[in-house]
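What follows is calculated from the coordinates using simple rules that are stated; it is not laboratory data. Since the model is a prediction, treat every value here as computed from it, not as a measurement. When we count neighbours, we look across all protein chains shown, and the Cβ atoms used for this are built from the backbone with ideal geometry, even at glycine.
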Amino acid sequence: MPGADPVRPRPRQLRVPLAPRSGVLAHRVSLPLPSGTGPLYPDGSSNHVPEPGGVDVARGKTVVVSGVGPGLGHRVAETVVRDGGHAVLGARTAANLARSAAQIDPEGRSTAHLPTDITDEGQCEALAALAGERFGGIDAVVHVAAWDSCFGGLQDADFATWQSVIDVNLLGTLRMTRACLPALKEGGGSVVVIGTQSSVAAPSEVRQAAYAASKGALTSAMYSLARELGPHRIRVNTVLPGWMWGPPVQAYVQFAADSEGVPESEVLDRLTARMALPELATDGDVAEAVAFLASDRARAITGQSLLVNAGELMR
């Protein structure tokens, strides 16, 4: 992209220290966010996406990103633009979209955005059309939008709520994918689904059976989509985050610490104790994995699920 910043050395990653406490299987949670403009690491440093360390893998590519809020969706869009691409942002909340776009791309050259509810097929089609109108097509679509605030298991389940979770997480993702297919078929491309580790391993910290089941169904659907769309050179893969440091997990740590009357560091110790690496993965780490799978560097990878979890679960 003309005027792109020169490549700079990649800075050192910030770390969340490991402590010898019992851990838990990972999953994502969504609770009311604390005040402030962004997440902070426990040492007070700002969370960030590292600078690129090589070729701009998204240069000239257009990526549709659903579910752009203050967490992972923002990081994915930020990474796309950082790597030389165009990001088309969708989410239900117009204010979140405008804020993210202004932070990522102040001059408005590399982003476009439109309020989008993925339970509405027409709105999905409108977002796909915006990508074509503004940037000439679609090279990848990344599905971050999800309903992850339904807590509990089978015995206390409200199946009407479960049905709504499935409508968003499973069917909404399929609606958005289908809306992007005409553009993706023109030159091939990539579909990257955000799943969850709790769809392949039982969580023990917070029970979210509806969320896990809906994401598990989506991971199963990925195999069929990869086979169906492969002849069009469209790849379909899933990223499975575990505990992912960013606004939702930061809010959970604060909530749990207040509820239990313990320091936040104690809650973090509990979360990191089962990680092979002495830290939590961040939403920036997950965005890097997404960017790779969306890029041509992953041209021979389809129908795969990638855990990004600091080694908490290995398979």
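Quick rundown of the values:
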| quantity | calculated |
| --- | --- |
| Where labels lie 7 Å past Cα in the beta-carbon direction, separation of Q103 and R178 in nm | 3.4 nm |
| Within the stretch 90-119, trypsin sites (Lys or Arg not before Pro) in DSSP loop having at most 12 other beta-carbon neighbours inside 10 Å | R109 |
| 5 angstrom amide H check on S305, placed H, neighbours 5+ away | T238 |
| Likely footprinting exposure, I138, I234, fewest C-beta neighbours within 10 Å first | I234, I138 |
